[in-house]
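Every number in this text was worked out from the coordinates using simple rules, so none of it is lab data. In this text, all values refer to a predicted model and were calculated from it rather than measured experimentally. Counting neighbours? That spans all protein chains shown, and the Cβs are built from the backbone with ideal geometry, glycine included.
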Amino acid sequence: MTIKAKDPVRKAFASCSTNGTSVGYYETKGHASCAFEAALHGCGYSFDEDDCYGWNGDDGRRNCDIRDCDGKVAGCAVISWYRLPSGRYEFTGYIA
């Protein structure tokens, strides 16, 4: 099953970004990862466990496969982060 353009998971996932939404800046990269993962789980998807770890450094970008409930690749998440001078993280994520 491929994630379609109007699938609600796209909006749920993007709403975890800190780009002007109600989400504040994240204390840690782990907090952000959990938020994005929760958005996926709420719509019946999950990150590929072997694909979406190792978010090293104060800034970066990862592409992570998204799997459906049958374990098949359904899409790809693109996530980027930047550590602000305050120590908090700004995250942007979308489903490609």
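So which residues in the range 33-51 are out of contact with any Cys (no Cβ under 7 Å at 6 or more places or on another chain) and buried (at least 20 other Cβ atoms within 10 Å of the Cβ), if there are any at all? Explain how you work it out, then say what you get.
Taking the range 33-51 first, the residues out of contact with any Cys (no Cβ under 7 Å at 6 or more places or on another chain) are 33-34, 37-38, 40-43, 45-46, 49-50.
Result: 33, 40, 45.
Given the residues 51, 70, which is the only one that is touching a Lys or Arg at 6+ places or on another chain (Cβ under 9 Å) and part of a loop (DSSP other than H, G, I, E, B)? It would help to see each step written out before you state the result.
Details: 70 fails: touching a Lys or Arg at 6+ places or on another chain (Cβ under 9 Å).
Result of the check over 51, 70: 51.
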